[in-house]
Amino acid sequence: MIRRPPRSTLSSSSAASDVYKRQVFVPMCADFVHVGHINILEGAAAYGDVYVLLMTDQAMKGYKRAPRMSYEQRERILRAFKQVKDVIPCSGPQTYAEMVLEHRPTHFCHGDDWKTGPQAQARTEVITLMEAQGGSVVEPTYTPAVSSTGFQDMFRSTIQESRHTGVLVRTCLNDLKRVPEVIEKETGLASAVLKNLIQGRDLDRENMDSVLRLLHQHYPATMKHLVVDRDTSNEGVWHMTADESTKSGRVLDRVNGLEQQVHYYNYMDTATSSLSPFKPELIEQLVHVTDNEPLNPLVVMNKGHLLSQLTFFVGPVNFYCTIRGERVCKPMNTGDSCLITPYVPHSFTSRDPEQYAAIVAVTFSGYVRDVLNDLVHHDIERLMSHAGDLRNAPQVFERKLERFSELRGLTVPELGIQLAEQGHSKEAIEGTLSQNVMDPTVIESISNILDIPKAEFDVLQLDQDQEVTYAFVSPDQPDEQGSVKRALASCKHHIEAGGYSWSLYGKESLTSQFFSYIYNYGERPMELAWADQTQTLAHGDSVVIKPFIPVSFSADGAKVVVCKVAGCVNNRVMHECSLFAAEGLQRMNEDTTQWF
């Protein structure tokens, strides 16, 4: 039986009245000091002089995780506590028994979380030795609210996130052709710790982050292949109320052409997530104009941005954009929309101060934004030169020929020689390569020589009227009497983004292949049902829905705008998935086994 002081907690004052001070051992990592540690130190001091058994850096790496702070830093912090008599280096739980035999403390204090897990064996040994030496083991109950594992929102992973991280780590190890035992030899990280993480059993976010950083630092493993974003959705749906959007409002000023600093927009967040490709906002227009002049001095243009933008208009709003040096103004009304290409400068104003005027600005990322963290390491000028400019389609065609020829060890002139050897005339070859006169038989031969689909050489030029495209609702069009979907602005150069305004009467069930963003701009509510969940989408509310989630919609005349973007399930990803061998179809996002 464990000998204990008269009271069951460390705050007992009976030991403080002893005629002599006793030695109290308190093992700690102290890499993240919180109020729970302070409570333990204060309680332990009631039993005698507190000696902290501080885990060395190697000890932490071996049984828990690599520390964020060095041993010296952690020791200095602990010595600053008045309750701490001294700090003794500890090489891990497996050395507790040895240290008890050497120093013969009168008390050994440890939270009751060591009853199971990697310290359970050490606990048994310490109890046996302390009893034999006439000492006692004190095990205060951990209080979740004050323990490091209690700060779940900041420091802990969800079970799902832990499981997903395990899949990414195992995939990384498979890519590197390494097993946990090899990782231990090469880095010192205990294989048991790594196996625990791979199996999704590590719920300590700090531990996980430390292991991921260790793998990134020791191996050619990018963090984006190791880190998984937390899924905060409710069974695949994120909802934001109109009130929450209003509370997020922030008014931004601009200096106009009259050198006046004025309130220009009121930006408000709407539903989104780090997992979705959207950054949608409700933007209220605070500047009012009385004409449709493109160069009105009250209008302040932005510089354009990397994200594409699908814009839905609510009320009388003027839209301004600059395309190839020319400023234009388009009067827009409720139900109208436009699709803006990245980096096109634009702006918005209200035409009527008596009416509500706003836009639902659904900015969304494309391929470039999603790989920008890689592109910043490269020479962007050279990259853009090799990409070409779609405003000059023959140039892009030439760049593609160069790119695909390189993969086969050829230059474009050498490709031309092979085309001639296959019997094509000089005129047909030159006309096709310059795109002056395209010969389908030459394109067929190029496709066969390079083993590239012919569609890759079908270059669609970006014309001036495609840099911003529009969809208008006819002003004399009667109100819908039944369910109607009207397509929003679209463009052949943005094939994986689109949407529609939707007037719904009755019920409809949908399972989308895209991320879906929905904003209720009408007065009547819409009801959503999915899994075992339901949600009312009231006026001004918004939702984002993950792909492949079956959702039932019902309403009596609700008016919403629906925007869809592929995000991570784009055509390139779907095509690659369609190539997978049947034996591995289910392994991609759940496999934690070694394949080699």
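Any residue that is assigned to a helix (DSSP H, G or I) and not hydrophobic (A, V, I, L, M, F, W, C) - is there at least one of those in the stretch 46-56?
no
Open to solvent by less than 40 Å² (accessible area, probe 1.4 Å) and touching a Pro at 6+ places or on another chain (Cβ under 8 Å) - does that describe any residue in the stretch 284-300?
no
I'd like to check which strands (runs of 3 or more DSSP E) are fully inside the stretch 499-596 and have at least 2 residues that are in contact with a Lys or Arg (Cβ under 7 Å, 6 or more places away or on another chain).
Qualifying strands (runs of 3 or more DSSP E): 515-520, 551-565.
Given the criteria open to solvent by 30 Å² or more (accessible area, probe 1.4 Å), within 30 Å of Tyr264 (Cβ to Cβ) and hydroxyl-bearing (Ser, Thr, Tyr), does Tyr356 qualify?
yes
Out of curiosity, is Phe319 touching a Lys or Arg at 6+ places or on another chain (Cβ under 9 Å) and not in a loop (DSSP other than H, G, I, E, B)?
Yes, satisfied.
When the residues of the stretch 407-430 are filtered to those that are assigned to a helix (DSSP H, G or I) and of a type in the set (D, E, K, R), which remaining residue is least open to solvent (accessible area, probe 1.4 Å)?
Here the answer is Glu414.
Among the residues of the stretch 448-476, which ones are open to solvent by 50 Å² or more (accessible area, probe 1.4 Å), in contact (Cβ under 8 Å) with a residue 60 or more places away in the chain and not in a loop (DSSP other than H, G, I, E, B)?
Gln464, Tyr470
Could you go through the stretch 507-521 and let me know if any residue there is surrounded by fewer than 19 Cβ atoms within 10 Å (Cβ to Cβ) and touching a Gly at 6+ places or on another chain (Cβ under 9 Å).
Checked the stretch 507-521: no residue is surrounded by fewer than 19 Cβ atoms within 10 Å (Cβ to Cβ) and touching a Gly at 6+ places or on another chain (Cβ under 9 Å).
Considering Leu488, Leu390, which residue is touching a His at 6+ places or on another chain (Cβ under 8 Å), within 25 Å of Gly366 (Cα to Cα), open to solvent by less than 80 Å² (accessible area, probe 1.4 Å) and in contact (Cβ under 8 Å) with a residue 40 or more places away in the chain?
Leu390
Considering only the stretch 319-337, state which residues are in contact with a Leu (Cβ under 8 Å, 6 or more places away or on another chain) and buried (at least 22 other Cβ atoms within 10 Å of the Cβ).
Result: Ser337, single match.
Is there any pair linking a residue in the stretch 585-596 that is under 12 Å from His164 (Cβ atoms) and charged (D, E, K, R) to one that is open to solvent by 100 Å² or more (accessible area, probe 1.4 Å) and at pLDDT 80 or above, with Cβ under 9 Å and at least six apart or on different chains, and which?
As it stands, the answer is Glu590/Arg163, since those pairs meet every condition given.
Considering only the stretch 348-362, state which residues are within 30 Å of the chain's Cα centre (by Cα) and over 10 Å from Gln285 (Cβ atoms).
Passing the criteria: Val360, Ala361, Val362.
With the checklist (1) farther than 30 Å from Arg230 by Cβ; (2) open to solvent by 30 Å² or more (accessible area, probe 1.4 Å) in hand, flag the one item Thr272 doesn't pass.
Just one mismatch for Thr272, condition (1).
Could you identify the single residue in Arg382, Arg369 that is modelled with pLDDT of 95 or more, of a type outside the set (Asp, Glu) and either surrounded by 11 or more Cβ atoms within 10 Å (Cβ to Cβ) or not in a loop (DSSP other than H, G, I, E, B) (or both)?
Arg382
Give, as residue ranges, the helices (runs of 4 or more DSSP H) completely inside the stretch 167-232 that count at least 1 residues that are open to solvent by less than 40 Å² (accessible area, probe 1.4 Å), of a type in the set (A, V, I, L, M, F, W, C) and touching a residue at least 60 places away in the same chain (Cβ under 8 Å).
In the stretch 167-232, the matching helices (runs of 4 or more DSSP H) lie at 191-198, 205-218.
I need every pair where a residue in the stretch 247-268 that is more than 24 Å from Gly540 (Cα to Cα) and free of Cβ contacts under 8 Å to residues at least 60 places away in the same chain has its Cβ under 7 Å from the Cβ of a residue that is among the polar types (S, T, N, Q) and open to solvent by less than 80 Å² (accessible area, probe 1.4 Å), sequence separation at least 6 or different chains.
From residues that are more than 24 Å from Gly540 (Cα to Cα) and free of Cβ contacts under 8 Å to residues at least 60 places away in the same chain, the pairs are Val262/Asn256.
Need pairs with beta-carbon distance below 6 Å; first residue more than 8 Å from Ile359 (Cα to Cα) and within the stretch 300-317, second of a type in the set (Lys, Arg); sequence gap 6+ or separate chains.
Val300/Arg254; Leu306/Arg369; Pro316/Arg351
The values are calculated or read from the model by the stated rules, or taken from the named source; none is laboratory data. From a predicted model like this one, the values you see are computed outputs, not experimental measurements. Here the Cβ is made from the backbone with ideal geometry for all residues, glycine too, and neighbour counts use every protein chain on show. The area values use the complete protein model at the heavy-atom level, side chains included, leaving out ligands, DNA and RNA. Shrake-Rupley method; radii C 1.70, N 1.55, O 1.52, S 1.80 Å.
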